[in-house]
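Enquirer: Have a look at this one.
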Amino acid sequence: MKLYSDDELAELLDQPVFHLISDAADHLGLECYVVGGYVRDIFLERPSNDIDVVVVGSGIELAKEVKRRLGRSAHLSVFKNFGTAQVKMQPTLGKQTPLPSGGVRDGLELEFVGARRESYSHDSRKPVVENGTLEDDQNRRDFTINAMAICLNSKRFGELVDPFNGLADLEDGIIATPLDPEVTFSDDPLRMMRCIRFATQLNFQIEDETFEALQRMADRIKIVSGERIEVELNKIVMAPHPSIGFEYLQRSGLLQIILPELAALDIIEQRNGRAHKNNFYHTLEVLENVVKAPSNPTHGGDISETPLPHREGPGESLYLRWAALLHDIGKTKTKRWDPAQGWTFHNHNYVGAKMVPQIFRRLKMPMGQEMKYVEKLVDMHMRPQVIADNEVTDSAVRRLLSDAGDDIDDLMTLCEADITSKNEAKKKMFLENFRMVREKLTDLQEKDYKRLLQPVIDGNEIMEMFHLKPSREVGVLKQYLKDAVLDNRVENEREPLMHLLVEKASQMGLKCQ
């Protein structure tokens, strides 16, 4: 981060948009400040396109005046019930939006709110709001680093107002609340998630008193909607090092409430001197491995016809990271002690996959392609390892490729990330085996795997030949033909497949019509 004097802050704010707001506020006789994340990000030297302006008086009145001065180049939205207004610059086909005093980039959003004080009832996140002073407004802010304000009025332009030493906390890498953290979290329990999210994104430490309040107040998160929790969770998942956030969530007790399936993995059991690994911390290691995974495609072209949010490349994929986070959640339910084998987790992938829809539904996450993608990767994450542990045959790789389809790259990335052994020789062996699987995948894909692996006789033709309706028999016949192609017992050509089909149907008591 970088420290600035008030004069230097004034120079940084020497931009048309801030001078326009300053002139409008002075014209109306209103005291106004830029506050919150924009100020924090100035010192962190991070870009920000959203500007929050606090007005001692009517924020809506100032927003209307700013909109009047901008003319058609901006759009005004007023939220009277909340005493707020938004002015958004209109896009101009990539050109900068002209202002009377110069230019400003498109997409800039100005949020105006009147300074206020808030009070909450115990069972609601909806506050009772009253007009207040700048001090009242800063008191209600979530964290000291978000409570700093810079005056925009011409006589004090660039003056930093920092009553809670937020700048010092920013410099020390500390997340702390302006007032009593227990009151702050009780008033708005979502702030507990935001606390951990900021600590994760910025790689900051949560101040001891603030963290202790998190632990005491964790139960209050129950009054927050799944949608709001999902937003914060996704920001933690997409942080440069998401494991920081999940450690904080676990230690605070929040994870046991919002994602108990993951929290339950934080245990080590021992019998007869044999212990299994802590699958919670193993999961965090897998997640970090996925984050730093390079894009390592095995297909040569654009296979996916329907782009999904998880197709940005391994390190940037939200739902691939979710698959890493949930890949072992079935281990709690499947853990068994076997005197001969030790601890076993048979079918944990299948059990875990069945838990994915429940989790997505509870957290109000998308139940469509995104959920099915995560469910699929959790279910299949053991398949490449099983292949790699044995002889890497064409038949096994064909089946893997057929079942994984367009998600084969992500599946392989997840499986490679799942290698967390501290035994370097063992780790090297696993990675070498996976390299061989990838080579086989590449070879098969170069031969146009979709054409080779989909039998030329489909279900509709089978139903027509044997006068069947959609049924188990049709599924059995389709799978029989597919297995024959995958096992390379016959060429994927009509004549040999038709011979196999008639023979199998006859065994099942079906006659060709």
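The values are calculated or read from the model by the stated rules, or taken from the named source; none is laboratory data. Please read all numbers here as calculations on a predicted model, not as lab measurements. FYI the Cβ positions are ideal-geometry reconstructions off the backbone, even for glycines, and counts take in every protein chain you see. The protein model used for the area step is the full one, side chains on, heavy atoms only, and it has no ligands, DNA or RNA in it. Shrake-Rupley method; radii C 1.70, N 1.55, O 1.52, S 1.80 Å.
Enquirer: Which distance in nm do the two modelled labels at residue 367 and residue 154 give, with both placed 7 Å along the Cα-to-Cβ direction?
Expert: 5.8 nm
Enquirer: Just the number please: accessible area per residue for the chain, 1.4 Å probe, all protein chains included, in Å².
Expert: Numbers: 24780 Å² over 513 residues.
I get 48 Å² per residue for the chain.
Enquirer: On average over all directions, what projected area in square nanometres does the range 21-66 have, based on the convex hull of its Cα atoms?
Expert: Its average projected convex-hull area is 3.3 nm².
Enquirer: Which value, in Å³ per residue, describes the convex hull spanned by the Cα atoms of the range 160-243? Please report the intermediate quantities before stating the final value.
Expert: Numbers: hull volume 9.0 nm³, N = 84.
That works out to 107 Å³ per residue.
Enquirer: Something else now. Which loop-located trypsin sites (Lys or Arg not before Pro) does the range 338-399 contain, where loop means any DSSP state but H, G, I, E or B and the Cβ has at most 14 other Cβ atoms within 10 Å? Let's see the in-between values first.
Expert: On the way: sites: 354, 361, 362, 364, 372, 376, 398, 399; in loops: 364.
Passing both the DSSP loop test and the Cβ count: 364.
Enquirer: As an exercise, use a Förster radius of 30 Å and the Cβ-Cβ distance of residue 334 and residue 464 to find the FRET efficiency, rounded to the nearest 0.05. Could you put the intermediate results ahead of the total?
Expert: Values: r = 43 Å, r/R0 = 1.43.
My answer for the efficiency is 0.10.
Enquirer: If you don't mind, there's one more thing I want to ask. Please work out how much accessible surface residue 381 shows to a 1.4 Å probe, ignoring ligands, DNA and RNA, in Å² rounded to 10.
Expert: Estimated to the nearest 10 Å², residue 381 gives 0 Å².
Enquirer: Can you compute the FRET efficiency between residue 502 and residue 403 using 1/(1 + (r/R0)^6), with r the Cβ-Cβ distance and R0 = 25 Å? Round to the nearest 0.05. Write down the numbers at each step before the final one.
Expert: Working: r = 27 Å, r/R0 = 1.07.
Efficiency, from the Cβ-Cβ distance: 0.40.
Enquirer: Another question about this same structure. Projected area of the range 249-290, taken from the Cα convex hull and averaged over every viewing direction, in nm²? Write down the numbers at each step before the final one.
Expert: Working: hull surface 14.0 nm².
Averaging across all directions leaves 3.5 nm² for the Cα convex hull.
Enquirer: Summing -39500 (n - 2.57) over the DSSP H runs of n ≥ 4 in the chain and dividing by its residue number, what mean residue ellipticity at 222 nm do you reach, to the nearest 500 deg cm²/dmol? Walk me through the numbers before you get to the answer.
Expert: On the way: 26 runs with 260 residues, N = 513.
My calculation for the chain gives -15000 deg cm²/dmol from helical runs alone.
Enquirer: I've got another one for you. Which is farthest toward the positive dipole end of the chain among 16, 63, 160, measuring Cα position about the Cα centre, with Cβ charges +1 (Lys, Arg) and -1 (Asp, Glu)?
Expert: It is 63, whose Cα lies furthest towards the positive end.
Enquirer: Follow-up. Looking at the range 1-41 from every direction and averaging, what is the projected area of its Cα convex hull in nm²? Show your work: numbers first, answer last.
Expert: Working: hull surface 13.0 nm².
The directionally averaged projection comes out at 3.3 nm².
Enquirer: Further question on the same structure: If I stretch the segment between residue 385 and residue 489 completely, what's the gain in nm (0.36 nm per residue apart, minus their alpha carbon distance), one decimal?
Expert: Working: separation 104, 0.36 × 104 = 37.44 nm, distance 2.48 nm.
Here the answer is 35.0 nm.
Enquirer: Another one. In the range 358-408, carbon and sulfur make up what percent of the accessible area (probe 1.4 Å)? Please report the intermediate quantities before stating the final value.
Expert: Details: 980 of 2160 Å².
Exposed carbon and sulfur together represent 45 percent of the surface.
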